[in-house]
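In what follows, a single structure is set out as structure tokens and then discussed.
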């Protein structure tokens, strides 16, 4: 059976993709997850069978081999940044967003040199706020 890792999985939509170690990405539906498992975390190692469907290869009979190490909420909260440090981060984020807003106001998408770092900062800020 092929093995790989979870590329991404959306539990609300009930599907995602697995990255095969020896090939292309494979579509996976919630109905093919092991009993009792409703979501897969990105990076989780899995083993699975492959069926050919109308839209390409699909994983079936997915088996979780090992999940990536995760940090407990308590550990994450203990390592949170101090509120006074977050002020600077939020201010810098707002400045980055002003640059993105300006591009949109002029009827264009922001340049990748601005958009990519802004997206990275927003993801990091979201992770910090989500603790």
Tilt relative to the chain, helix 112-129 - C-alpha long axis, 0 to 90 degrees, to 10: 80
Distance from segment 78-131 to segment 5-55 (C-alpha centre basis), Å: 31
The chain - Debye-derived log10 I(q)/I(0), Cα point model, q = 0.10, 0.11 Å⁻¹: -0.52, -0.61
Calculated over segment 3-66: convex hull of Cα atoms, volume per residue (Å³): 73
The chain: relative contact order as a whole-number percent, Cα under 8 Å and 6+ apart: 18
Computed FRET value (nearest 0.05) for residue 25 with residue 120, which takes r as the C-beta separation and R₀ as 25 Å: 0.65
Computed [θ] at 222 nm, helices only, for the chain once each DSSP H run of length n ≥ 4 contributes -39500 (n - 2.57): -12000 deg cm²/dmol
In nm, spacing of pseudo-spin labels at residue 91 and residue 10 (7 Å Cα→C-beta vector): 3.7
With Cα atoms, 0 to 90° folded angle of helix 83-105 axis to the chain main axis: 90
Burial ordering of 3, 88, fewest other beta-carbon atoms within 10 Å first: 88, 3
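Computed from the coordinates by the stated procedures, all read-outs in this text should not be read as laboratory data. In this text the structure is predicted, and so the values were computed from the model without any measurement. Because the Cβ atoms are built from the backbone with ideal geometry, glycine has one as well, and the counts that use them run over all protein chains shown.
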